[in-house]
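The values are calculated or read from the model by the stated rules, or taken from the named source; none is laboratory data. Computed from a predicted model, the values in this text were never measured in an experiment. Every residue, glycine among them, receives a Cβ derived from its backbone with ideal geometry; neighbour counts consider all protein chains shown.
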Number of protein chains: 2
Amino acid sequence: MKLMVVGLQGQGKTTLLAALKGEPPPRDEEITGVHIDEWLLSDPSKGGSLGFLRVKNVGPDVYFSTYDLAGQPEYYVIHQCFLTPNTLYMVVWDLTLGEEGIDQLEPWLSNIHARAPDSMVILVGTHLDALSLQKRKDLENINSKILKQYITKKSKGFPQIISVHYVSCTTMVNIDDLKKDIYQRAISVT
Amino acid sequence: MKLMVVGLQGQGKTTLLAALKGEPPPRDEEITGVHIDEWLLSDPSKGGSLGFLRVKNVGPDVYFSTYDLAGQPEYYVIHQCFLTPNTLYMVVWDLTLGEEGIDQLEPWLSNIHARAPDSMVILVGTHLDALSLQKRKDLENINSKILKQYITKKSKGFPQIISVHYVSCTTMVNIDDLKKDIYQRAISVT
Ligand SMILES: Nc1nc2c(ncn2[C@@H]2O[C@H](COP(=O)(O)OP(=O)(O)O)[C@@H](O)[C@H]2O)c(=O)[nH]1
Ligand SMILES: Nc1nc2c(ncn2[C@@H]2O[C@H](COP(=O)(O)OP(=O)(O)O)[C@@H](O)[C@H]2O)c(=O)[nH]1
Ligand SMILES: [Mg+2]
Ligand SMILES: [Mg+2]
């Protein structure tokens with residue numbers, strides 16, 4: 001299955017992919033174009049226990065081709081070729097941008113909708129660790145802004161947003177939840 | 001037009017692409033998967049002069065999508081999807097490997113032939129600067145080995161090798177000639 005990561009430059013796309021794959025964070029280098037790679041995701045749910053019996057993970061492995069689309073405007077043309085159906089999209093932005101960050105998601109969402117209207121989209125806000133206490137409280141507003149602007153307005157030309165995650169690729173907070181979500185979505189369609 | 005760069009890991013593929021594009025050499029980092037980028041190549045022939053008149057470059061610009069296919073065996077499966085017709089291939093190897101380097105080209109050439117038999121292939125030997133004086137003399141043997149093994153045996157299932165270049169991405173020796181060659185080939189088919 002294709003996992004496509006989009007968003008403006010510097011939002012944490014490449015770092016997020018590395019965090020999910022369990023790889024070291026990439027060096028701060030501007031990567032251009034598109035970087036396609038593979039990711040074999042084993043069932044990330046922690047095996048539960050039944051009495052003395054430890055239950056092992058039972059879900060099948062999922063094979064992803066991951067597409068890291070550099071967010072520089074010069075590359076939008078290349079990107080168009082990669083927006084395809086049957087793809088799980090992660091639209092990534094930096095939470096420290098506040099409400100402005102939400103507005104910036106619009107072109108990505110409408111492009112995905114135009115190319116592949118039935119796609120599943122996961123919104124991922126990064127830099128959770130870098131939010132001030134005040135900004136952390138504002139996450140409620142962020143939530144309702146997303147809801148108002150992209151989810152209930154779905155008729156207006158946005159794809160189906162299946163979930164929203166707030167993560168830190170530095171402290172790894174909520175990365176596991178995101179991973180489980182990706183896994184479940186992939187399993188549900190393959 | 002697509003410009004596909006293939007060859008084993010560590011042969012200088014990524015460095016060569018940067019040299020051609022006039023970008024700084026990449027840091028020594030193992031890049032996995034496929035990195036797709038753009039390259040706008042202006043006519044690299046130096047404008048001649050007609051009396052007092054400097055003749056400007058007259059050829060049109062050529063737009064390439066460059067495909068840097070990381071050479072790790074794990075990625076051969078991904079690569080298969082990228083070997084397509086209407087593509088200019090550069091098969092890259094490290095000249096310091098001597099005759100052994102020539103043998104290693106075989107799988108790349110037969111894969112290209114199997115997928116896209118009418119492709120144009122340019123062979124590029126890198127690390128010219130790192131050759132000892134003795135090895136530099138051996139280049140004659142390298143030439144005839146290439147000829148015997150891949151060019152006159154074309155019927156045996158290799159694609160059309162249109163030229164062979166020996167370059168250094170460190171001193172930039174022969175990079176301009178390679179660039180001109182790429183340009184001319186692209187012009188001739190577009
Ligand atoms: N503090 C913090 N920094 C992050 C986080 N995610 C990414 N970064 C940093 O944000 C910068 C841009 O990240 P990068 O992955 O290159 O962004 P991309 O251009 O969208 O691929 C880098 O310096 C990362 O280290 C995060 O969750 N928290
Ligand atoms: N001396 C010398 N070193 C080179 C040349 N081309 C590449 N290298 C070095 O060879 C190593 C592998 O190059 P890289 O481009 O990463 O190879 P790739 O794995 O095929 O992409 C790097 O350390 C480069 O600096 C060259 O022409 N001369
Ligand atoms: Mg990036
Ligand atoms: Mg490389």
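Odds and ends about this structure:
- Applying a threshold of 7 Å to beta carbon distances and a minimum spacing of six or more residues, or different chains, the list of pairs starting in segment A:101-117 at a residue that is closer than 9 Å to A:GLY157 by Cβ and ending at one that is part of a helix (DSSP H, G or I) reads A:LEU109/A:TYR150.
- If the condition is being within 11 Å of chain A (Cβ to nearest Cβ), under 15 Å from the mean Cα position of the chain (by Cα) and at pLDDT below 75, then segment B:70-102 contributes no residue at all.
- You will find that of B:ALA116, B:ALA130, the residue that is touching a Ser or Thr at 6+ places or on another chain (Cβ under 7 Å) and modelled with pLDDT under 90 is B:ALA116 and no other.
- Members of segment B:6-31 found to be surrounded by 14 or more Cβ atoms within 10 Å (Cβ to Cβ), within 14 Å of chain A (Cβ to nearest Cβ) and either within 16 Å of ligand 3 (Cβ to nearest atom) or farther than 14 Å from B:SER168 by Cβ (or both), listed by number: B:THR14, B:LEU17, B:LYS21, B:PRO26, B:ILE31
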